[in-house]
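Here the structure comes first, spelled out in C-alpha cells, and everything after it is commentary.
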Amino acid sequence: MTGAAIVVALVTLVFAGVGPHLAHRLPPAVAIRVLVPASLAIAACGIWVLAAVAFTWAAQLPAVSRYGHWSAEQVRVATPFPTTLAIGCALLTLLAVGRTVTVGTLRLRSLLAARGSCRRLGSPGSLVVIDHDQPDAFATPGPSGRIVITTGLLRALTPDQRRALLAHEASHIAHQHAWWLFGSAVTSAANPLLAPMSRAVAHVVERWADEDAAREVTDRKLVALTIARAALLTRTTDPGPVPERAAGAGATAGDIPKRVQALLAPPPRPRVGPLAMLALLLAAGLVATGTMQTRSDTLLDNASTTALPAQFTGHPATGGALGRRCDHPPAPHRARAGHPNP
C-alpha cells in the first residue's frame, strides 16, 4: 500500500510540473480534450488514495469496526501507515471534497447566471449588441449561448477585425469552452497542486478559439492584430462593467502576448512525445490507485476473517491448533486390564 501511495503522489507532482508545458506543446484543441480529463483523473486518484490511507485509521474506531464486522486490532497491526499520517490524510480528504463541492457549486451558479443573463436577448447562437461604452466581447456558455459585444468595441474595430472577433467567440460556443474551464476549475479545487494546470487550460482555451478564428478568416495576422487591439482597448478604457456580463469566455482572456506570438507563427502540429508521456503518467497513476484499492480490500478481508466467531472459522475460542466440528459424540473410554472404568 505504501508503494502505491508513493507512486500516486509522484505522478501528481510530475503531472503538475510538466502538464502546463505539455499544454503549450500540443495543438490547443488536442491539449484541452486530453489534459482536462487527465487532470480530473489524476485529481480523483489523489483523493481516492488519501481516503484509502485515512480509512486505515477510521477502520480502527470501535463504531466503524463493529459496523464492518472486522477486527480493529488486526487492522491496527496490519496497516503500514502511522496513525498521525492517516489522520492527516483524513483531514486532507475532507478539505479536498469540501473545496471541490464549494468551487463547483459557485462556478456552476456563475455559468447558469451567465446563460440566463442573455436568454431574453436574441435567439440561441445569435449576436447580441449592447449599447455600452466599455469595449468588451464574450460568449455565454451552453449550446444556446449568445455572442455579446458592446458598441464601444464595435466602433473601435474595422469590419475585418469584427469578423475575426466574432469567429473567435463563435468557437467558444461551438466547442463548449466554458464547460472545459469548469472541469479545470474543479480539478484545481480538488488538488491545489494542479492550479498551474488550470491556468494553462484557461490560456489554451483561448488559443483554441484563436486557431479556429484564423482558419475561418484565413489570416493569422488579422486575428493576432484583432486580439491585441481588443485587449488594449479593454484594459485602457473602463467606464464601468457591462451589466449583462456574469461570466463567459472572452477574447481578451489568457496571456495576450503569447497568444499573439503563437498566431504570428505557423499553426501547431500534433506531437507524439507529449501524448506518450501523458499516457505513461496516467497509466502509472491508475494502476497504483487500483493496487491501493486491492491492498485495502485485502487488509479488511483479513481483519474480517480473524474477527469471525470460532464456530465459523474453524478455530477454537481458546486458540491453539485447528478445531474441528464433530458430527458424532466421542467414543466411550474403554478400560484396559487392571484399570477400572472411570
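From the residues in segment 209-237 that are of a type outside the set (S, T, N, Q) and crowded, with 24+ Cβ neighbours inside 10 Å, which one is farthest from Ala265 (Cα to Cα)?
Among them, the one singled out is Ala230.
Six or more apart or on different chains, Cβ under 6 Å: which pairs go from a residue in segment 81-109 that's in contact (Cβ under 8 Å) with a residue 60 or more places away in the chain and basic (Lys, Arg) to one that's in a helix (DSSP H, G or I) and open to solvent by 30 Å² or more (accessible area, probe 1.4 Å)? Could you list them?
Arg107/Phe182
Of all residues in segment 45-73, which are in a helix (DSSP H, G or I) and open to solvent by 60 Å² or more (accessible area, probe 1.4 Å)?
The answer is Trp48, Phe55, Trp57, Pro62, Ala63, Arg66, Tyr67, Glu73.
Quick one: which of Leu127, Leu166 is aliphatic (A, V, I, L, M) and at pLDDT below 90?
The unique qualifying residue is Leu127.
Each row is one residue, and each column tells you yes or no for (1) farther than 18 Å from Arg229 by Cβ; (2) surrounded by 24 or more Cβ atoms within 10 Å (Cβ to Cβ); (3) touching a residue at least 60 places away in the same chain (Cβ under 8 Å).
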{"position": "Ser126", "(1), (2), (3)": "yes, no, no"}
{"position": "Asp133", "(1), (2), (3)": "no, no, yes"}
{"position": "Ser144", "(1), (2), (3)": "yes, no, no"}
{"position": "Arg155", "(1), (2), (3)": "no, no, no"}
{"position": "Arg163", "(1), (2), (3)": "no, no, no"}
{"position": "His168", "(1), (2), (3)": "no, yes, yes"}
{"position": "His172", "(1), (2), (3)": "yes, yes, yes"}
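Residues of segment 186-198 being more than 10 Å from Val36 (Cα to Cα) and open to solvent by less than 10 Å² (accessible area, probe 1.4 Å), which ones?
The answer is Ala189, Leu194.
Looking only at segment 216-261, count every residue that is of a type outside the set (A, V, I, L, M) and either modelled with pLDDT under 65 or part of a loop (DSSP other than H, G, I, E, B) (or both) and tell me the total.
Final tally of qualifying residues: 15.
I need the full set of residues from segment 27-71 which are among the aromatic types (Phe, Trp, Tyr) and touching a Phe, Trp or Tyr at 6+ places or on another chain (Cβ under 9 Å), in order please.
Residue satisfying the conditions is Trp57 alone.
Quick one: count up the residues across segment 127-154 that are among the β-branched types (Val, Ile, Thr) and under 33 Å from the mean Cα position of the chain (by Cα).
4
The values are calculated or read from the model by the stated rules, or taken from the named source; none is laboratory data. This is a predicted model, so every value here is computed, not measured. Don't worry about glycine lacking a Cβ; one is built from the backbone with ideal geometry, like all the others, and counts go over all protein chains shown. Ligands, DNA and RNA are excluded from the accessible area calculation, which covers all protein heavy atoms including side chains. Shrake-Rupley method; radii C 1.70, N 1.55, O 1.52, S 1.80 Å.
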